[in-house]
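The values are calculated or read from the model by the stated rules, or taken from the named source; none is laboratory data. The model shown is predicted, which means the values in this text are computed figures rather than measured ones. Cβ placement follows ideal geometry from the backbone for every residue including glycine, while neighbour counts extend to all protein chains displayed.
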């Protein structure tokens, strides 16, 4: 695998790490979620905040696991066909769901969501996958 392909895959993993850390350590609700609730005139009770915090921690852990998986695959198996396919399949499953769900919430609520960050990570993985065949 070329250095460029490895760098793109690791950059995507770094982006996922940033997302993981946001949900593992950040406030509940996240600023954009708080804006959605406020805009909908739906005040949160303490139990709602507790549930969101628990969901965020679980989501953050899942993103952290995804980060480790993608980085390890890129580093140790990125030259093998199965490794390249595993990276793109894992990335597309998580990336498309994250991008589409957050994009649709932005359109529905008018509140800015992180769909662009998810889309950038998907683009990095797709470009790395394509380049892995020509580099």
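Structure summary
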{"read-out": "Failed condition for residue 93, given (1) in contact (Cβ under 8 Å) with a residue 60 or more places away in the chain; (2) surrounded by fewer than 17 Cβ atoms within 10 Å (Cβ to Cβ); (3) over 22 Å from residue 25 (Cα atoms)", "value": "(1)"}
{"read-out": "Residue, surrounded by the most Cβ atoms within 10 Å (Cβ to Cβ), within the stretch 116-135, restricted to residues that are more than 19 Å from the chain's Cα centre (by Cα) and part of a helix (DSSP H, G or I)", "value": "132"}
{"read-out": "The stretch 32-57, residues that are assigned to a helix (DSSP H, G or I) and surrounded by fewer than 12 Cβ atoms within 10 Å (Cβ to Cβ)", "value": "39, 46, 47, 54"}
{"read-out": "Tally, over the stretch 9-31, of residues that are outside any loop (DSSP other than H, G, I, E, B) and over 15 Å from the mean Cα position of the chain (by Cα)", "value": "2"}
{"read-out": "Check on residue 72, surrounded by fewer than 18 Cβ atoms within 10 Å (Cβ to Cβ) and farther than 26 Å from residue 106 by Cα", "value": "yes"}
{"read-out": "Subset of the stretch 96-110 that is over 16 Å from the mean Cα position of the chain (by Cα) and surrounded by fewer than 13 Cβ atoms within 10 Å (Cβ to Cβ) - its residue that is farthest from residue 39 (Cα to Cα)", "value": "107"}
{"read-out": "Failed criterion for residue 113 (all others in (1) outside any helix (DSSP H, G or I); (2) exposed (fewer than 13 other Cβ atoms within 10 Å of the Cβ) hold)", "value": "(2)"}
{"read-out": "Every residue from the stretch 60-69 that is surrounded by fewer than 19 Cβ atoms within 10 Å (Cβ to Cβ) and either closer than 16 Å to residue 8 by Cα or at pLDDT below 95 (or both)", "value": "68, 69"}
{"read-out": "Hits in the stretch 43-80 - residues which are over 14 Å from the mean Cα position of the chain (by Cα) and either under 18 Å from residue 95 (Cβ atoms) or in contact (Cβ under 8 Å) with a residue 60 or more places away in the chain (or both)", "value": "72, 73, 74, 75, 78, 79"}
